Each structure stands twice: as C-alpha cells, then as structure tokens.
1. Based on the alpha carbon coordinates of the chain, what radius of gyration and maximum Cα-Cα distance (Dmax) apply, in Å?
2. Take peptides 113-126, 64-77, 141-154 and line them up by average Cβ neighbours within 10 Å, highest first, as a rough protection proxy.
3. Ranked highest first by average number of other Cβ atoms within 10 Å, how do 34-42, 5-13 line up?
4. For residue 82 and residue 113, calculate 0.36 nm times their separation in residues minus their Cα-Cα distance, and state this gained length in nm to one decimal.
5. With θ set to phi - 60°, apply the Karplus curve 6.51 cos²θ - 1.76 cosθ + 1.60 along segment 52-64 and write out the HN-Hα couplings as whole Hz, x wherever there is a Gly or Pro.
6. Going by average Cβ density within 10 Å per residue, which order do the peptides 96-108, 21-33 take, highest to lowest?
7. With viscosity set to 1.567 mPa s at 4 °C, what whole-number translational diffusion coefficient in µm²/s follows for segment 101-175 from Stokes-Einstein and a Kirkwood radius over Cα pairs?
8. Can you compute the equivalent ellipsoid semi-axes for segment 35-107, i.e. the square root of 5 times each eigenvalue of the Cα gyration tensor, sorted largest first and rounded to whole Å?
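Every number in this text was worked out from the coordinates using simple rules, so none of it is lab data. As the structure is a prediction and not an experimental result, all values here were calculated from the model. Methodologically, a virtual Cβ is constructed for each residue, glycine included, from the backbone with ideal geometry; neighbour enumeration extends over all protein chains shown.
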Amino acid sequence: MKHGIFAGGCFWCTEAVFNRLKGVNNVKSGYTGGFIKNPPYREVCQGRTGHTEGISFDYDETLISYVDLLGVFFSTHDPTTLNRQANDVGTQYRSAIFYTDNEQYEIAKEYIQSLDEAKIFPDPIVTELKPLDVFYDAENDHDNYYDLNRDQPYCTYLIDPKIKKLTTHFKTLLK
C-alpha cells in the first residue's frame, strides 16, 4: 500500500469522490500545510491556521495508479482558481498535492506540466506541489459526510456533480 494526500477544496467533496475508487482505502478528511499543531475545524474554516482541507488515503498500486488518482483529482475540482472552489473561498480551500516520496513528486510535476502544455484548462494550474509535513485527521463528524448527508443543499449542489462526473468518466476505476 502507498499513501496519498490531496487537497481539492472542501474535504467533504474530495472524500466522497475518492471513497468510490477501487484500490483506495482509509480515506480520511483532515488538515495539512499549516502552521499550528492539531488545528480545530472552526479555526481552519476561518483561515486562521494556514492549513488546507484535504484527504489522506491509502492506495493499492496493483488496482489503481498514481496517474489515475491524479486524473480523478484534476477532473473533480478546479485546479486553476487560487484559494477557491465554487463558493468556498480562502487558503483553506486551495488546490494542493502533498507528496510522500520523490516518485509522487515527479509523477505529479510531469502530470501538471502535461495538462498545462495541452491547455486542458483555460487558465494555468495553480495547484501547490509540496512535501507532506504532517496531516491532522479532522473531527469524526466529517467522516463520510456526503454519504450521511446527501439531502443537504451543499451536497446536492457541489458534491453530486462531482460524483456524476466520476461515474460518467471514470467507470473503470470505481469500486
């Protein structure tokens, strides 16, 4: 098993997407990239800790590649908006990849370059590519938020379209 950390805006969105991928396990919402230890949700949401909302996960390379994970990641959020995803605004919603080894760094760097060169997005990608320092698990009430709260307006407005895109364009990667 390998380990990955992605931040693509609200962690509820990213967790809902990655929970549905085969070979991906132990998806956990949390905080990374900030400057205080054990940040609480309230302070992260207020942009006071420097952390971004992200997910930590394990993946089995025999079932899903890091390139496939990057494909899903870049297809299910906007990597061209700095510190913003839809109505969520602030550094806590920035797009970032926190790599755990040099291989992940090289693969992600090349992947981002290929997307920019191919002009896949109308604007340049602003996704941060940084080494993982520490990842703090979010409070338990954030676990499986989408699956437990699908009727909430936030879920239907922001997460449902991501799940639809996932099930339409990445069928072979689904559990």
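1. 14.9, 41
2. 64-77, 141-154, 113-126
3. 5-13, 34-42
4. So the extension gain works out to 9.4 nm.
5. 10, 6, x, 10, 10, 7, 9, 9, 9, 5, 7, 10, 8
6. Highest to lowest by the protection proxy: 21-33, 96-108.
7. Translational diffusion coefficient: 82 µm²/s.
8. Equivalent-ellipsoid dimensions as semi-axes: 25, 16, 10 Å.
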